[in-house]
Amino acid sequence: MTRNEHIDLERLSDFVDDRLLGDDRDAVQDHLASCLSCASHLARLQSLLEAAHALPDEIEPPPAVWADVRERLPRRAPSRQFPQRWLLAAAAVVLVVLSSTVTALLVRRQPVIVATKVAPAVTVASMQLPPPARSIDAGYAVAIRQLDEALAQRRAELDPATIAKVEASLNVIDVAIAEARRALADDPANRTLLDILAANYEHKVELLRRANELLPRT
Amino acid sequence: MTTLEIPRAVIWSALAAVLGVPTLAAQRSVDIRRAVTPTASVRITGAFAELRIRGWTKDSVVITGSIPVDARFGGGFMSPTAAGSPGAKFYLETSSGIPAGKLELRVPVSARVWAKSGSATIDVEGVTGGLDLNIIGGSVHVAGNPHELTVESMDGAVSVDGSPSWVRLKTATGDIVFNGGSEDAGLTTVSGTIRVPAGRFDRARIQSVTGAVDFGGDVARGGSLDVDTHGGAIDLRLPRTIAADFDIATVAGTIENALTKRAALPGREGRGQEIGFTAGGGGARIYVRSFKANIRLLAR
């Protein structure tokens, strides 16, 4: 097989599910033996399926946590559970004024180089997501963690400007992932959102992989 | 009273040093030539700033150019067979680590070339074998019809004028322009733009997170075009006579259809829009998805 005949996802899924027979199966096996790209897709697919199978439908919090929560709940006076809305607004205004004043003082004193970091969108806990989205989360989690760790180890040998470029793009992707997850929590059966979430994770894995393959500073 | 005369060159050098004007570093030339097989694999990596790759009809590899005098240019050819060496590897190391030096690499047209640098300008022409080009910044331009083409960059722009059989172009923030068709194309960016002004595609997949996509190519009968973005606007400029099945949805954006009279419908729970229809009796498959981008189907 040549590179033009990479195995498509549907056929790869059939292969994993043991639905291919005879020559079909042999052809896929032969191709996998010589094609790093397809072999890597196969490994990711298998890892995704394993993670999905291992994922429980519901997760009970450990008993100790419940005991702790129960113990604390009655002690709180209901009126003190949450600050009143006006108090939050006032606190926010004070914070904004304080932050603006400090920034203005700093800017007046000297040129400031600001490392911009995109504020992450409000994150949604995994438990709030529908099971397919949790499977997608779990499927990519291992790959992302491993690539993150590998990149952290290489950090010193890469140009800081390059690291900044990579981090800026990772921020863009993380914001997109957070938006898709939040939308899925509101609309759990939306398949388009699932596709978009998976595509965003693909972008992240791909970018991390490429960052790990960048040339070091000499 | 004697006047101290200072040579003009010293004055200019001092001025340049004070003003931080870069002076031309001493250069040395590179000139390496060797017979190779027609399908030789050539790898070049390191801190080159400019690399021109040219395919030619001779079965030999020639590397010429100039590099800083203190740079290290190493590597060599694999053991030759009767028909010439099957491959070569070269690397360039500069003392500062900053890309420098201009190189021109001539290879047999059917050769496979793999080039990797930090920030560089890579310009390729006339290679029909395989190309795998990787940069962080700078730019890559490929002209011609390589059988296989992979280009990866972070913020470097990528442009292709030609029709590789198999092509993968990937950037983080760099813009992609692909002016030519392919049997199997994959164009991916995080926040750069992707523009396909023309070309015929059997299978094309275009993906972006926030970068805009502008596709003006043709999709072969029985072929497919898949586009997905998170927030990047999508414009598809298609011939009015196209024979294709369309399946298009945006979760929180809008769809404008100027290709047929069919209007987009509200999406699930009243959010976003979606549209599905068959044009020209169908044949090709056009599948577009976005989270919050506006999608336009335009006739050309």
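Only the coordinates and a few stated rules stand behind these numbers; no lab work does. For clarity, every value in this text was computed on a predicted model and none was experimentally measured. Methodologically, a virtual Cβ is constructed for each residue, glycine included, from the backbone with ideal geometry; neighbour enumeration extends over all protein chains shown.
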What order do you get for B:217-228, B:168-179, A:195-206 when each peptide is scored by the mean count of other beta carbon atoms within 10 Å, highest first? B:168-179, A:195-206, B:217-228
222 nm [θ] for chain B, helices only, -39500 (n - 2.57) per DSSP H run of 4+, per residue, to 500? -1000 deg cm²/dmol
Given unit charges at Cβ for Lys, Arg (+) and Asp, Glu (-), the dipole magnitude of chain B about its Cα centre in debye, nearest 20, is 300
At 7 Å along the Cα-to-beta-carbon direction for both B:ARG268 and B:ARG43, put a label point, then send me their distance in nm to one decimal. 4.6
Given a 10 angstrom Cα cut-off, can you work out which residue in B:ALA252, B:ALA212, B:ALA100 is the most mobile in a GNM of chain B? B:ALA252
With a 21 Å threshold on alpha-carbon distance, the violating pairs from B:LYS116/B:LYS170; B:LYS261/B:LYS292; A:LYS165/B:LYS170 are B:LYS261/B:LYS292
Where a ≥ b ≥ c are root eigenvalues of the Cα gyration tensor, a/c under 1.5 meaning rounded, otherwise prolate if a/b exceeds b/c and oblate otherwise, segment B:132-279 counts as oblate
Averaged over B:127-134, how many beta carbons belonging to a partner chain fall within 10 Å of each residue's beta carbon? 1
Report the residues of segment A:188-218 in range of a label on A:ARG154: point 7 Å along Cα→C-beta, backbone N strictly under 14 Å from it. A:205-218
Assuming a ≥ b ≥ c are the square roots of the Cα gyration tensor eigenvalues, decide whether segment B:87-216 counts as rounded (a/c under 1.5), prolate (otherwise, with a/b larger than b/c) or oblate. oblate
How big is the charge dipole of segment B:17-153 about its Cα centre, in debye rounded to the nearest 20, if each Lys and Arg gets +1 on its Cβ and each Asp and Glu gets -1 on its Cβ? 320
Over segment B:131-199, relative contact order from alpha-carbon pairs under 8 Å, at least 6 apart, %: 26
Quick one: dipole size for segment B:204-275, taken about the Cα centre, charges +1 on Lys/Arg Cβ and -1 on Asp/Glu Cβ, in debye to the nearest 20. 200
Label point distance in nm, A:SER126-B:LEU298, each placed 7 Å from Cα along Cα→Cβ: 4.4
Rounded to the nearest 0.05, what FRET efficiency do A:ALA164 and B:ALA82 have when you use their Cβ-Cβ distance and R0 = 51 Å? 0.50
Nitroxide proxy distance, nm - points 7 Å out along Cα→Cβ at B:SER96 and A:ILE144: 3.9
